[in-house]
Amino acid sequence: MLKIYNTLTKKTEEFKSITDRKVDLYTCGPTVYHYAHIGNLRTFVFEDILKRVLEYNNYQVNHVMNITDVGHLTDDADNGEDKMEKGSKREGKTAWEIAKFYTEAFQKNLKELNIESPTTWCKATDNIPEQIALVQTLIDKGFTYKTNDGIYFDTTKLSDYGKLANLANQELEAGARVDMGEKKNPHDFALWKFSNSNEQRQMEWEAFGKKGFPGWHIECSAMSSKYLGHHFDIHCGGIDLIPVHHTNEIAQSEAAFDEKPWVNYWMHGEFIVLKNDEKMSKSGDNSVTLDTITEKGLSPLAYRFFLLQTHYRKQLNFSWEALEATQSGLENLREKVLKLKNVDKKNDTTKLKAEFLEKINDDLNTPSALALVFDSLKNEEIDYETVLQFDKILGLELDKITKTQVEVPTDVQKLLDERKQARKNKNWSESDRLRDEIKALGYTVEDTSKGQKIT
Ligand code: AMP
Ligand code: ZN
């Protein structure tokens with residue numbers, strides 16, 4: 001039985017799909033105005049684990065991920081500059097070039113982290129008519145009002161607005177934290193914004209009698225319904241999306257589609273923060289990207305491994321010392337797995353497999369599943385085939401370990417050195433004896449024109 005924590009009900013629940021053995025999953029994608037930082041990537045690794053756990057439980061996952069390439073403003077409360085136009089000014093490229101470049105950089109990051117590709121990628125700018133149609137539906141149903149700068153959703157028209165974030169229990173005085181502009185209520189949000197007449201936007205479309213562009217939230221409702229229908233299983237993102245983006249997606253979708261709940265399970269990944277709880281920003285000085293990691297000689301998969309060691313709903317602190325230690329831990333794991341491969345012994349791992357499944361099905365408890373893997377390696381209960389099966393979840397590419405990736409343990413290196421000397425002395429019988437000794441430790445040595453090759 002797979003149990004997951006549902007932000008909507010605030011409970012850990014048994015997962016039941018709408019259609020037998022099929023899951024429709026929507027994950028909010030990146031805003032492509034800059035490189036993704038490792039915080040963003042934590043959320044995408046968490047979602048990858050979710051998808052792999054669903055697949056491990058024999059669900060066929062139909063996964064849609066969007067690319068936000070328009071409409072996400074620097075201020076969540078519908079003010080500020082469009083992040084894409086800002087990126088364009090920063091780099092002296094068009095907003096379209098910025099979007100293309102950072103979308104490709106993001107997709108490369110996903111590959112490096114061994115994150116499975118979604119079934120469908122979709123871009124906000126490719127789905128403008130769908131977004132306009134959805135806004136029109138909301139206008140027709142009487143959920144909106146028009147101001148000088150856009151078309152807004154009137155949140156007071158819904159009795160349960162803010163249920164995801166428990167907003168009803170939180171005080172929010174008009175104008176206190178939100179620049180109200182012409183908004184009627186502090187939580188009201190833009191479905192469609194009109195272009196500012198003082199500014200020439202690169203991305204704008206003719207709709208509702210003026211030039212304008214979509215609000216950030218409408219894209220996810222329009223694209224998820226296009227690909228997954230009006231009612232689907234799971235929707236994910238990072239925790240920062242709960243109070244505004246996801247809350248507003250729910251409001252506009254439930255209003256438009258007459259489906260309640262619109263999505264059955266909402267799952268959110270906690271943040272990774274820098275020392276002293278400092279928030280990461282994509283463009284600030286404190287931005288750490290996957291490239292920063294590789295430039296320091298550490299591997300993206302070590303970062304994945306680092307993330308798996310903490311439950312996705314726990315805040316995690318990033319430090320270079322911790323990542324370096326994880327890199328050594330990963331090499332150690334690879335070494336152990338390689339030995340298992342060479343030994344090629346089968347164990348009865350039925351109980352171990354059941355325990356592993358129980359852990360990952362307990363709201364994706366990867367730290368506990370990893371601890372089990374390490375214990376089973378120590379106790380020699382696991383075999384190579386079982387490691388590979390568990391790696392379907394972990395995604396550490398344990399099936400791709402080559403000997404060159406493995407640091408030869410010091411005892412084996414010592415024997416190799418002795419053998420090199422024996423061959424120099426033309427002591428062939430000693431050389432053969434040492435070869436056998438090395439073999440007994442799980443390594444095969446070959447003599448090539450470049451010297452001894454260990455596999
Ligand atoms: P963005 O590219 O800003 O639209 O964000 C992409 C994803 O990264 C969203 O799901 C965010 O919730 C998530 N996110 C942003 N910062 C962090 C962080 N420090 N840790 C984990 N996830 C984050
Ligand atoms: Zn979204």
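Of all residues in segment 262-297 being modelled with pLDDT of 95 or more and part of a loop (DSSP other than H, G, I, E, B), which is surrounded by the most Cβ atoms within 10 Å (Cβ to Cβ)? Once the filter is applied, the top-ranked residue is 262. Across segment 58-77, which residue is surrounded by the fewest Cβ atoms within 10 Å (Cβ to Cβ) among those that are more than 16 Å from ligand 1 (Cβ to nearest atom) and touching a residue at least 40 places away in the same chain (Cβ under 8 Å)? Step by step, filter segment 58-77, then rank; the result is 62. Looking across segment 298-321, the residues that are surrounded by 13 or more Cβ atoms within 10 Å (Cβ to Cβ) and over 19 Å from residue 43 (Cβ atoms) come down to 298, 299.
Among the candidates 218, 239, 250, 234, the residue that is β-branched (Val, Ile, Thr), surrounded by 24 or more Cβ atoms within 10 Å (Cβ to Cβ) and touching an Asp or Glu at 6+ places or on another chain (Cβ under 8 Å) is uniquely 234. For residue 360, state whether it is surrounded by 13 or more Cβ atoms within 10 Å (Cβ to Cβ), in contact (Cβ under 8 Å) with a residue 60 or more places away in the chain and of a type outside the set (S, T, N, Q). So residue 360 passes the test.
Looking at residue 47, is it in contact (Cβ under 8 Å) with a residue 24 or more places away in the chain, within 16 Å of ligand 2 (Cβ to nearest atom) and either charged (D, E, K, R) or assigned by TED's automatic domain parsing to the domain that holds residue 304 (or both)? It is true that residue 47 is in contact (Cβ under 8 Å) with a residue 24 or more places away in the chain, within 16 Å of ligand 2 (Cβ to nearest atom) and either charged (D, E, K, R) or assigned by TED's automatic domain parsing to the domain that holds residue 304 (or both).
Regarding residue 84, is this residue within 16 Å of ligand 2 (Cβ to nearest atom), within 15 Å of the chain's Cα centre (by Cα) and under 22 Å from residue 103 (Cα atoms)? Criteria not met by residue 84. For segment 226-244, the set of residues classified as under 17 Å from residue 163 (Cα atoms) and either without any contact (Cβ under 8 Å) to a residue 40 or more places away in the chain or more than 8 Å from ligand 1 (Cβ to nearest atom) (or both) consists of 234, 235, 239, 240, 242, 243, 244, listed by residue number. Evaluated against (1) away from ligand 1 (no atom under 15 Å from the Cβ); (2) at pLDDT 95 or above, residue 110 falls short on exactly one condition, (1). Return yes when residue 29 is small (Gly, Ala, Ser) and more than 8 Å from ligand 1 (Cβ to nearest atom) and no when it is not. So residue 29 fails the test.
Taking segment 418-455 as the search range and keeping residues that are touching a strand residue (DSSP E or B) at 6+ places or on another chain (Cβ under 6 Å) and assigned to a helix (DSSP H, G or I), which one is surrounded by the fewest Cβ atoms within 10 Å (Cβ to Cβ)? Filtering segment 418-455 for residues that are touching a strand residue (DSSP E or B) at 6+ places or on another chain (Cβ under 6 Å) and assigned to a helix (DSSP H, G or I), the one surrounded by the fewest Cβ atoms within 10 Å (Cβ to Cβ) comes out as 435. Under the condition of being basic (Lys, Arg) and more than 8 Å from ligand 1 (Cβ to nearest atom), which residue from segment 32-57 is farthest from residue 244 (Cα to Cα)? Of everything passing the filter in segment 32-57, 52 is farthest from residue 244 (Cα to Cα).
The values are calculated or read from the model by the stated rules, or taken from the named source; none is laboratory data. Since we're looking at a predicted model, the values are computed, not measured. No Cβ is skipped: glycine too gets one built from the backbone with ideal geometry, and neighbour counts run over all protein chains shown.
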